[in-house]
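See below for the structure under consideration.
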Amino acid sequence: MSGTGGVLTAETLAMALSGLLVAAVIPALVHLTRSWAAWRRISLPAVAALPLFVVLHATVVLTAPLVRPGFARLTAEALLLYAAVLFWLPVLGTRHRLSDPARSVYLYLSMPLLDLPAVVMVALGHVAGGLAMVAAMLPIGLVALGVTWRWITQEECLAQPGGE
């Protein structure tokens with residue numbers, strides 16, 4: 001099925017689900033299990049995790065309309081979810097965890113990079129799928145806003161006389 005135009009199709013729903021898994025479910029899972037020892041073993045520094053995730057995300061999103069549902073598509077989605085875990089660990093995990101200012105920059109930098117493949121999809125005529133992906137990835141912006149707000153309020157507290 002093609003996700004062209006404004007028609008709601010299985011492809012469009014799959015794009016929305018994929019985006020929600022990456023932007024909401026995976027970070028919630030990582031946050032709830034951040035003390036899990038396995039996260040420390042697989043965690044990558046942000047300088048490696050972000051480009052890995054951006055490239056894999058672009059590859060999976062841009063090839064999704066070309067790959068029929070089945071083993072290849074399922075494998076690509078599984079790799080994308082694994083890369084999403086690696087992407088979120090510097091933000092929410094314990095090993096290689098970024099400071100609040102670095103987490104803000106990391107997340108704000110990732111948003112346009114992760115939206116770019118969806119913009120390409122829209123330009124290629126897969127409007128509903130591309131827009132579904134952009135909308136589903138909005139939780140990344142909410143997390144970025146929360147991290148930035150936390151950072152700002154901590155800095156303000158430290159700037160107050162006697163603040164620590």
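Residue pairs whose Cβ atoms lie under 7 Å apart, separated by 6 or more positions or on different chains, with the first residue in region 98-125 and more than 24 Å from E156 (Cα to Cα) and the second part of a loop (DSSP other than H, G, I, E, B) and of a type in the set (A, V, I, L, M, F, W, C), are L114/M137; D115/M137. Only a single criterion out of (1) touching a Pro at 6+ places or on another chain (Cβ under 7 Å); (2) more than 25 Å from L109 (Cβ to Cβ) is not satisfied by P65, namely (1). Of the numbered criteria (1) under 21 Å from T148 (Cβ atoms); (2) out of contact with any Asp or Glu (no Cβ under 9 Å at 6 or more places or on another chain), the one R41 fails is (1). The lone criterion from (1) free of Cβ contacts under 8 Å to residues at least 40 places away in the same chain; (2) under 14 Å from L20 (Cβ atoms) left unmet by L145 is number (2). Of the residues making up region 34-59, those that are open to solvent by 30 Å² or more (accessible area, probe 1.4 Å), of a type in the set (A, V, I, L, M) and farther than 25 Å from V122 by Cβ are A37, I42, L44, V47, A48.
Being open to solvent by 50 Å² or more (accessible area, probe 1.4 Å) and under 15 Å from P27 (Cα atoms) is the requirement here; does L86 meet it? When the stated conditions are applied, L86 does not pass them.
The values are calculated or read from the model by the stated rules, or taken from the named source; none is laboratory data. Everything numeric here is computed off the predicted structure, so don't read it as measured data. Heads up, the Cβs are rebuilt from the backbone with ideal geometry, glycines too, and the neighbour counts pull from every protein chain shown. The protein model used for the area step is the full one, side chains on, heavy atoms only, and it has no ligands, DNA or RNA in it. Shrake-Rupley method; radii C 1.70, N 1.55, O 1.52, S 1.80 Å.
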